[in-house]
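Below is one structure, written out as structure tokens, with a few remarks after it.
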Amino acid sequence: MTETSKPLDATQAQRTYGTDTGTTRVDKVKGRGGGLVALAFASIVDGFEGGLVNTLFPVIRDSLGLQTSALGIMTAMSRFARMLFGPIWAALADRFGRKRILFIATGLWGLWTVAAGLAQNPTQLFILYGIGVIGTVASEPITNGLIVDMYRSKERGRAFGTLRTIALTASVFATPLIGQFANVEDGWRYGMFAMGGISVVSGILILLLVHEPTKHTPVGAIDPDAMKFNFRDAVGLLRNRTILFMAVQVMLTTSLVLFAFFVVYWVDERGWTTADAALLMSAYMLGAVISSFAGGLLGDWFERRFGYKGRVMMMQGYLVAYAVSTFLLFQIDWGTGAAVYVAVFVTGLLSSLGHPGAVLPIVGSVVHKSVVATAYALIFSFIQGLFAAIFSLAFGFLADALGLQSLMFWLISVPYAINAVLWTLMYRIYPKDAAAQRALDDQEEAALAEASAGSADSDVRA
């Protein structure tokens with residue numbers, strides 16, 4: 001446990017929360033619904049600024065004379081940016097305001113995507129795209145921290161699930177539309193122009209709709225660094241067994257690589273056109289829409305039914321099912337008829353159960369609110385970003401030599417199967433850590449009640 005994880009005494013609680021009896025952190029957040037929609041839209045745009053390259057890479061490859069390894073390089077750029085700049089954006093957000101930083105990073109930064117559409121050779125594309133992806137990695141750590149502040153523990157599974165559902169619903173419709181740019185000469189350039197412009201719009205929506213919550217922990221009088229990301233806190237978090245485990249298991253979450261190479265797989269291994277492969281991707285995303293919403297609800301239900309072990313049970317089932325479904329999808333030639341759409345849809349239907357239903361709520365349940373944004377940035381931006389970048393580089397170069405079908409087995413299905421076995425450890429780890437953090441939270445609530453009661457008595461005597 002870090003210093004910022006210590007419970008507050010009554011005086012500290014009064015400074016932190018104020019003295020209004022019965023008020024809560026969630027009570028002070030206005031317009032949560034509109035804010036959630038704006039955050040989801042920002043996530044959509046950030047995701048598709050990278051997804052645009054994944055979808056249109058076959059035509060970008062032909063236009064600029066690239067090899068498949070170039071997609072691995074560009075994907076790795078995004079992952080390294082996620083690792084390096086995700087924590088930096090989180091720190092800037094804590095210093096200057098999360099809404100303001102989201103406007104800059106998610107909104108105005110989209111102009112770099114417009115510039116990438118003007119690239120005339122691979123070097124220019126790599127440079128401009130590399131600068132552009134620095135901004136696209138900002139929304140995840142900042143948004144996750146906002147969700148934790150906006151919603152109570154028992155609501156977060158649904159909130160995370162709703163966020164992903166909105167984002168993926170848009171993806172279902174946007175993916176085939178992006179694919180249509182492949183049917184236009186130099187259409188990938190127009191796609192980048194359009195995506196960069198939409199990014200600016202998303203920044204404006206954030207300014208209008210997101211109401212930043214009152215910070216949950218003290219800033220200044222008690223701990224000036226309480227709300228800042230720093231590596232001291234990050235290293236301290238790794239002493240928490242659940243956080244350490246989560247840092248290890250995300251190394252095996254290789255579906256990020258699958259998203260990058262999905263369209264190229266169907267073009268190169270199964271002979272589909274880019275536009276048709278993008279339509280197939282939309283079938284996957286349609287399943288993922290349902291999966292995201294169901295994942296959040298299932299995670300909350302499993303916790304209510306089985307206690308702290310419930311989310312672990314759900315996660316294991318998801319990992320096994322996804323390992324099997326990806327094996328069947330990519331190792332069998334399903335042809336071009338209805339069967340392939342069903343197989344892709346079913347795989348998508350399983351794809352997003354674990355993240356909103358288990359992974360995100362578990363992380364938020366074992367650390368103090370003052371360092372939860374740091375925990376998210378450490379695990380998902382830094383560690384997962386690093387290993388996703390390494391996998392992407394390997395995937396791209398190995399694809400040129402070995403083909404994508406065998407790589408889908410060894411770098412997608414197998415890691416998920418291994419991860420399912422690894423999660424058995426969480427039955428012993430997570431319940432104890434979650435219970436310990438719940439006890440600390442209860443102490444703080446008691447301190448708050450005591451401080452509020454003391455303030456009320458003082459007012460009466462006055």
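Pairs meeting the criteria (first residue in the stretch 396-418 and closer than 21 Å to Gln316 by Cβ, second residue open to solvent by 60 Å² or more (accessible area, probe 1.4 Å), beta carbons under 6 Å, at least 6 apart or on different chains) are Ser413/Phe327. Scanning the stretch 238-267 for residues that are open to solvent by 10 Å² or more (accessible area, probe 1.4 Å), of a type in the set (A, V, I, L, M, F, W, C) and touching a helix residue (DSSP H, G or I) at 6+ places or on another chain (Cβ under 8 Å) gives Leu238, Phe245, Val248, Met251, Leu252, Leu256, Phe259, Val267. Being in a helix (DSSP H, G or I) and over 19 Å from the mean Cα position of the chain (by Cα) is the filter here, so list the residues in the stretch 75-102 that pass it. Answer for the stretch 75-102, where residues must be in a helix (DSSP H, G or I) and over 19 Å from the mean Cα position of the chain (by Cα): Arg95, Phe96, Arg100.
Of the residues Met281, Met285, the single one that is in contact (Cβ under 8 Å) with a residue 24 or more places away in the chain, assigned to a helix (DSSP H, G or I), over 18 Å from the mean Cα position of the chain (by Cα) and surrounded by 21 or more Cβ atoms within 10 Å (Cβ to Cβ) is Met281. Inclusion of Ser413 among residues that are at pLDDT below 95, in a helix (DSSP H, G or I) and open to solvent by less than 10 Å² (accessible area, probe 1.4 Å) is not warranted.
Conditions (1) closer than 19 Å to Pro176 by Cα; (2) of a type in the set (Ser, Thr, Tyr); (3) modelled with pLDDT of 80 or more; (4) open to solvent by less than 20 Å² (accessible area, probe 1.4 Å), marked per residue:
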| residue | (1), (2), (3), (4) |
| --- | --- |
| Leu36 | no, no, no, yes |
| Ser43 | yes, yes, no, no |
| Thr55 | yes, yes, yes, yes |
| Leu64 | no, no, yes, no |
| Ser69 | no, yes, yes, yes |
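Filtered by the rule that a residue be among the aromatic types (Phe, Trp, Tyr), closer than 18 Å to Phe160 by Cβ and modelled with pLDDT of 90 or more, the stretch 286-320 gives Trp301, Phe302, Tyr308, Tyr318. Might you let me know whether the stretch 97-107 holds any residue that is under 29 Å from Leu393 (Cα atoms) and open to solvent by 70 Å² or more (accessible area, probe 1.4 Å)? Checking the stretch 97-107: not a single residue is under 29 Å from Leu393 (Cα atoms) and open to solvent by 70 Å² or more (accessible area, probe 1.4 Å).
The values are calculated or read from the model by the stated rules, or taken from the named source; none is laboratory data. Since we're looking at a predicted model, the values are computed, not measured. A quick note on method: Cβ atoms are made from the backbone with ideal geometry, for glycine too, and the neighbour counts reach across all protein chains shown. Side chains are part of the model used for accessible areas, which takes the heavy atoms of the whole protein and leaves out ligands, DNA and RNA. Shrake-Rupley method; radii C 1.70, N 1.55, O 1.52, S 1.80 Å.
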